[in-house]
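None of the figures in this text is laboratory data; all of them are computed from the coordinates on show. Model, not experiment: these values are computed from the prediction. Every residue, glycine among them, receives a Cβ derived from its backbone with ideal geometry; neighbour counts consider all protein chains shown.
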Amino acid sequence: MKWKNFYIGLVLLFLYLPILVLIIFSFNTSSLNILFEGFTFKWYGELLNNVSLLEALKNTLIVSITSTLISTIIGTISAFALKKYDFKGKKIINQLLYIPIVIPEIVLGIALLSIYTFLHVELGLGTLILSHIAFSLPFVIISVRAVLDNMPSNIEDAAKDLGASNIKTFWNVIVPTIMPGITSGAFLAFTLSLDDVVISYFTAGPGSNTLPLQIYSMIKTGVTPDVNALATLILLAVFLVLGISTILQIRNIKRQVKV
Amino acid sequence: MKRKIVELKNFGKTFGEKTVIDNINLDVYEGEFLTLLGSSGCGKTTILRSISGLDSPSTGTVIIDGKDVTNLEPMQREVNTLFQNYALFPLMTVEDNIEFGLKMKKVPKEERQKKVKEMLKLVNLEGYENRKPKELSGGEQQRVSIARGLINRPKVLLLDEPLSALDLKLRKKMQVELKLLQKKLGITFIYVTHNQDEALTMSDRIALLHNGKIEQIDTPVNIYEHPKTVYVADFIGESNMFDGEIIGINGIYASVKLALDEEENIKVINNNFNIGDKVKVIVRPENFKILKADEKTNSIEVKIKEYIYDGSITNIIAKGKNNQEIKITVPRNKTIVAKGTITYIHWNINDSIVLGETNV
């Protein structure tokens, strides 16, 4: 038993030590990530003055949120259509959906860049958003499909039978039922978009640097500790979101247990 | 004559090359409990879905309460359906599920709540308002689906094998409950099942479907006791079917020589038979009486093969002279003869169902 805990501890350490180091160094007075010399909030202040980093953060949020919204809507509707209707080539489309997931990002990046060049589309936030929609769409569709496949049969018929129009059936019955699939698809799309480097590298234009691209390019000029501060803040936001969703889930379970 | 509430006229349904329903006509009267009975794939659910509007016929018309609804959407028809496996909305509470139909009809909130309360009381689910379907047993889910289906006071309630997911005991209980509910509310029920016991127990009339046609539509008693075709006799209940030939006519009776035992002739009711007609004589297992060898009248010789105990009754397998298997049912405490005995079985003249060649 003792060994089991030791083993788990080791795994957790392996996973979280780098993150811990990052957080610690965000409070380091030295500007080199080598030795901890003293505690300071300085870098958090610097961060507010680092215009290019903040600009990149803004771009990242614009791209991630827009591409997530659009890919979630298109993905949900596509998944519903693929489930509900029979048409020629449905099987092929279902198979084709998996291909963007397995082909290397770099190939997708080059492909996207060549089509933008071919069509003379100017690279910028627009092309970034389009590209992010392209690679996250299959994830949304697959995630929604999985829930749709488990949806109790007949509930669509039941809604219509009880007087619901097609639109009301979709909104009042089907969407709430497949919501877990939609949200997990959206989260997947958001996280994929948030930290994408490879595809963004090919499809971003001047003035549309995203945060991962900005940090990546800073390696050449030297990473300043305000990046550590930014990363810590992002981590904090992630933990907050995760924490709230966990609390909500636990409450939900407790409520169900009570009745 | 009662008022017709649902009429199917020249109703047909084809899927690609396959004809599922072949030009049938069906009238359902107000307040009756009609069962569409048939083996799976006979098209009974297709008929139901065409009445609710979830499906549409390939040919013919559907009339509900005098109005042609063939091309109307489900939401424009005053019928509701109980689905197989209940089809409750999984994320909604019991209350929300039941209320759904009223919400779609934009009934004001106060009235909705009042009606939901009434329905919960009707199906004995008071206090279950805030539960989710998955927190309910199969029987309770069934009750929710009944309440949900009835809250709009449909002119007709369509039931698509609603009891098939329940275990035997609960199913029997729900059969009685549904029947009582139907009588109490006076709503027309059209019930689809492949279970003949269910059909016999619950229905005012049964329509037996076979090969896309209505084989016979009649009361349970008539379907069981006076089947019009061999298929009906065979499908409903247990039956023994003997080949025979009319060899004599004597007023209201006719004599039949059975292939089973050519030495003994059986008397049956004459139904415009002619001498030489080939007939099938059908006898239900419970109508046989085992005789001692010396008192034979209207009887045939059999050899007792096997006894099968079944609680209140005992099933006997016997063989006729031509080796045809015969099923006999006797009450449990009846004194019975030993296996291997050759004896005679008798039945009343009225208990023979005699079908001519045209009914085959």
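The figures follow:
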item	result
Rg/Rh (Cα only; Kirkwood hydrodynamic radius) as it applies to the stretch B:240-359	0.98
Simple Cβ-charge dipole of chain A, Lys/Arg +1 and Asp/Glu -1, about Cα centre, in debye nearest 20	960
Helix-only [θ]222 nm of chain A, DSSP H runs n ≥ 4, -39500 (n - 2.57) each, per residue, nearest 500	-25000 deg cm²/dmol
Under 16 Å from the Cα of A:Lys254 - aspartates and glutamates, other chains or at least 8 residues apart	B:Glu135
Alpha-carbon Rg with Dmax, taken over chain B, Å	24.8, 79
For the stretch B:23-166, average projected area of the Cα convex hull in nm²	9.4
Ordering of B:201-207, A:178-184 by packing [mean C-beta count within 10 Å, highest first]	B:201-207, A:178-184
Peptide-level mean, for B:70-79, of C-beta atoms on other protein chains within 10 Å	3
Computed Kirkwood radius, in angstrom, where 1/r is averaged over Cα pairs of the stretch A:142-222	15.8
Alpha-carbon Rg with Dmax, taken over the protein assembly as shown, Å	36.7, 123
Computed Kirkwood radius, in angstrom, where 1/r is averaged over Cα pairs of the stretch A:1-57	13.7
Dimensionless Rg ratio for the stretch B:209-272, taking C-alpha atoms and the 2.2 N^0.38 Å reference	1.33
Rh by Kirkwood over Cα pairs, then Stokes-Einstein D for the stretch A:131-187 at 1.306 mPa s and 10 °C, µm²/s	131
Kyte-Doolittle mean at least 0.0, axial Cα span of 20 Å or more - DSSP H helices of chain A	A:2-25, A:51-84, A:125-149, A:175-194, A:225-258
Shielding by partners, peptide B:83-89 (average Cβ within 10 angstrom, other chains)	6
For chain B, calculated [θ]222 nm from helices alone, where every DSSP H run of n ≥ 4 adds -39500 (n - 2.57)	-7000 deg cm²/dmol
Those trypsin sites (Lys or Arg not before Pro) in the stretch B:1-79 that DSSP places in a loop and that have at most 11 other beta carbons within 10 Å	B:Lys2, B:Arg3
Evaluated at q = 0.13, 0.15, 0.18 Å⁻¹: base-10 log I(q)/I(0), Debye formula over Cα of the stretch A:52-223	-0.70, -0.86, -1.09
Centre separation in Å (Cα based) which lies between the stretch B:258-276 and the stretch A:141-186	63
Count of lysine pairs in the stretch B:255-298 with Cα separation under 16 Å (8 or more residues apart, or interchain)	8
Span from the the stretch A:1-46 Cα centroid across to the the stretch B:299-346 one, whole angstrom	88
Shielding score for B:152-160, defined as the mean number of other chain Cβ atoms within 10 Å	1
Cα-based reach from A:Lys83 at 21 Å (exclusive), listing lysines while leaving out same-chain residues under 8 positions away	A:Lys91, A:Lys160, A:Lys168
Histogram of C-alpha separations across the stretch A:13-142, 10 Å bin width, %	10, 24, 25, 22, 13, 5, 1
Burial ordering of A:Val223, A:Val102, A:Val63, fewest other beta-carbon atoms within 10 Å first	A:Val102, A:Val223, A:Val63
Candidate lysines - alpha carbon under 22 Å from B:Lys9, same-chain residues fewer than 8 apart omitted	B:Lys18, B:Lys44, B:Lys67, B:Lys155, B:Lys213
Solvent-free Debye scattering, log10 I(q)/I(0), computed from the Cα coordinates of the stretch A:89-176 at q = 0.10, 0.13, 0.22, 0.25 Å⁻¹	-0.44, -0.65, -1.06, -1.20
